[in-house]
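Contents: one structure, followed by commentary.
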Amino acid sequence: MDNPSTADVGGAIETRGIDPVPDHERRGTVRELFPTWVAANISVLLLTMGAALVVFNQLNFWQVLVVAACAALVSFGMVGVLSVSGKWGGAPGATLSRATFGVRGNLFPGAILWIARFGWETINAVTGAYAVLTVLDLLFGVKSNTLLIVVTLVGFVACTFLVSGLGRKALNVCNTWSTYLFGVFSVLVLGYLIATTHWSEVFSRPAGTTAMMIAGIGTIAAGGISWVPTGPDFTRYLPHSASGRRIVGVTVSGAGLVMVPMVLMGAVMAVASPGLAEAADPVSFLGDLLPTWLAVPYLLTAIVGMLLINSLSMYSAGFTAQTMGVRLPRALAVSINAVISLVAGLLLMLVAKSFLGSFITFLILLAVSFSAWIGVYAVDMFRRRSRAVRYDAAALMDTGRSSRYWYKGGFCWQAMVSWVVALLTGLAFTKCDWFAGPFSDTPVGRYGLAWAATIAVSAAIMAALPTPRENAPAAGADRAAGLPAERADRVTV
């Protein structure tokens, strides 16, 4: 069995690892999720992506508004729905998926998600470092050089590591204050744009094609999709009585409050400066478009926001590492991600020729890799909507043959088949700078819907295959999971 870490007993630093949270420690509230998902989207990359919708997808203002709203609703709608499983099982998503894929089977999708998270953390670390470099240039006239790039990136990753190591409570406090600060300066930037933008030029742009709108939704939604497997990490401290509908509503509204206006702001900025979407880095353009008195504080709050995004990501990555068998406390397991994002970030800043090209390609692959997991997990979660068949806390921590989630040889073959077929299908429809799948020229590929096809295929196969039969629960497992003992005869799925 796994070795559970020390329980979180109310200190400033969270010490609990992947072990399920017992009922008496579940003192969280749904409203705490709002600043979490606001903070998860405080990134100037959304400005660049909004500009790309205008420059590359040739969309007008109203189409960008629809794309941003749909992307927020679709991606964080999935985050919210699957986050409900966190309050059911009281464990991180990486742990709960043992019940879906089997004790051993969970290692394979877990490895893919872990690797993909390296890329996301690298992109955010690089963006944060570029923001620091831009502030230094605006305030002190210090120009970027190799040594300064290394120093800023190391500093940003180190701060991310420290904040993520503090855990849930510290992140909640940081998220709340960053939400207030970023909100204030975003309103100021919005006001400046309203006063200085030539709106006749903005609204006179011709409409783009429906195909480009659909593709744009997929691109913007990819960031949200990457949060789906980690959604349960932030709801595991909620009591069983917490409203599932409120969880979904707060998640979508928190993310949408940032995503929609920032994407729109990027689109408006691109009308005045079309080169924004093709800038050498995703941040320096703000120094050209905004006055220094506004650009500097806005970038400083954005730096804090991007640091928190990476901290949230590394917080969850620590759980994934522990689930993968890394026998370290969560805070130390996070260090693996920190080192990898540092090395990859240096390569991206010093070697790669195009940040935006690498970023868009990464988003496309990210969405597909996470979507295969989403479809399978969603079907399994739907089958567990009855309290009688929900997650067994003892079995989730048992990695031996006695585990209720051992299935056959440690694998749930229905989930594994669904995941593998869907992942290969998604890649077959994918087209990016690095490769093109054999079906990338079909409508699904041209419209950028490989991620949607991946979810549909994985969910359809999982639903069509015979319902997995869990092993008999160990004695006392029902009480460990918080279920009445008289329901023991109804636990087979």
Which fully enclosed helices (runs of 4 or more DSSP H) of region 126-226 have 1 or more residues being over 30 Å from Asn57 (Cα atoms)?
-> 146-166, 168-196
Just give me the residues in region 415-438 being in contact with a helix residue (DSSP H, G or I) (Cβ under 8 Å, 6 or more places away or on another chain), assigned to a loop (DSSP other than H, G, I, E, B) and closer than 15 Å to Leu365 by Cα, in sequence order.
-> Phe429, Thr430, Cys432, Asp433, Trp434, Gly437
Is at least one residue of region 283-293 at pLDDT below 90, hydrophobic (A, V, I, L, M, F, W, C), surrounded by fewer than 18 Cβ atoms within 10 Å (Cβ to Cβ) and not in a helix (DSSP H, G or I)?
-> no
Region 47-73: number of residues that are buried (at least 24 other Cβ atoms within 10 Å of the Cβ), closer than 18 Å to Pro282 by Cα and not small (Gly, Ala, Ser) = 5
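Given the options Thr127, Thr134, name the one that is open to solvent by less than 10 Å² (accessible area, probe 1.4 Å), touching a Ser or Thr at 6+ places or on another chain (Cβ under 7 Å) and either of a type in the set (S, T, N, Q) or free of Cβ contacts under 8 Å to residues at least 40 places away in the same chain (or both).
Numbers: Thr134 fails: open to solvent by less than 10 Å² (accessible area, probe 1.4 Å).
Sole residue among the options that is open to solvent by less than 10 Å² (accessible area, probe 1.4 Å), touching a Ser or Thr at 6+ places or on another chain (Cβ under 7 Å) and either of a type in the set (S, T, N, Q) or free of Cβ contacts under 8 Å to residues at least 40 places away in the same chain (or both): Thr127.
Got a number for residues in region 93-109 being in a helix (DSSP H, G or I) and surrounded by fewer than 24 Cβ atoms within 10 Å (Cβ to Cβ)?
Applying the first criterion (in a helix (DSSP H, G or I)) to region 93-109 yields 93-96, 98-101, 107-109.
Still in the list and also surrounded by fewer than 24 Cβ atoms within 10 Å (Cβ to Cβ): 107-108.
Residues that pass the stated criteria total 2.
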From the options Val252, Val304, Val268, Val296, residue that is within 19 Å of Ser226 (Cα to Cα), modelled with pLDDT of 75 or more and part of a helix (DSSP H, G or I) = Val252
Residue tally, condition modelled with pLDDT under 80, open to solvent by less than 30 Å² (accessible area, probe 1.4 Å) and among the β-branched types (Val, Ile, Thr), over region 164-218 = 1
Across region 439-458, which residue is modelled with the lowest pLDDT among those that are part of a helix (DSSP H, G or I) and over 15 Å from Leu366 (Cα atoms)?
-> Arg446
Mind checking which pairs have a first residue in region 142-165 that is touching a residue at least 12 places away in the same chain (Cβ under 8 Å) and under 21 Å from Thr36 (Cβ atoms) and a second that is among the hydroxyl-bearing types (Ser, Thr, Tyr) and surrounded by fewer than 20 Cβ atoms within 10 Å (Cβ to Cβ), Cβ under 7 Å, 6 or more apart or different chains?
-> Phe161/Ser335
Scan of region 408-453 for residues that are open to solvent by 30 Å² or more (accessible area, probe 1.4 Å), more than 25 Å from Ser97 (Cα to Cα) and of a type in the set (Val, Ile, Thr), ordered by number | Thr442, Val444
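Given the structure, is Phe76 crowded, with 24+ Cβ neighbours inside 10 Å, assigned to a helix (DSSP H, G or I) and either over 19 Å from the mean Cα position of the chain (by Cα) or touching a residue at least 12 places away in the same chain (Cβ under 8 Å) (or both)? Talk me through it step by step, then tell me what you get.
Numbers: crowded, with 24+ Cβ neighbours inside 10 Å: yes; assigned to a helix (DSSP H, G or I): yes; either over 19 Å from the mean Cα position of the chain (by Cα) or touching a residue at least 12 places away in the same chain (Cβ under 8 Å) (or both): yes.
Yes; evaluated as a whole, the condition is true for this residue.
The values are calculated or read from the model by the stated rules, or taken from the named source; none is laboratory data. None of these values were measured; they are calculated from a predicted model. Note that each Cβ is placed from the backbone with ideal geometry, even for glycine, and that neighbours are counted across all protein chains shown. For accessibility, only protein heavy atoms count, side chains too; no ligands or nucleic acids. Shrake-Rupley method; radii C 1.70, N 1.55, O 1.52, S 1.80 Å.
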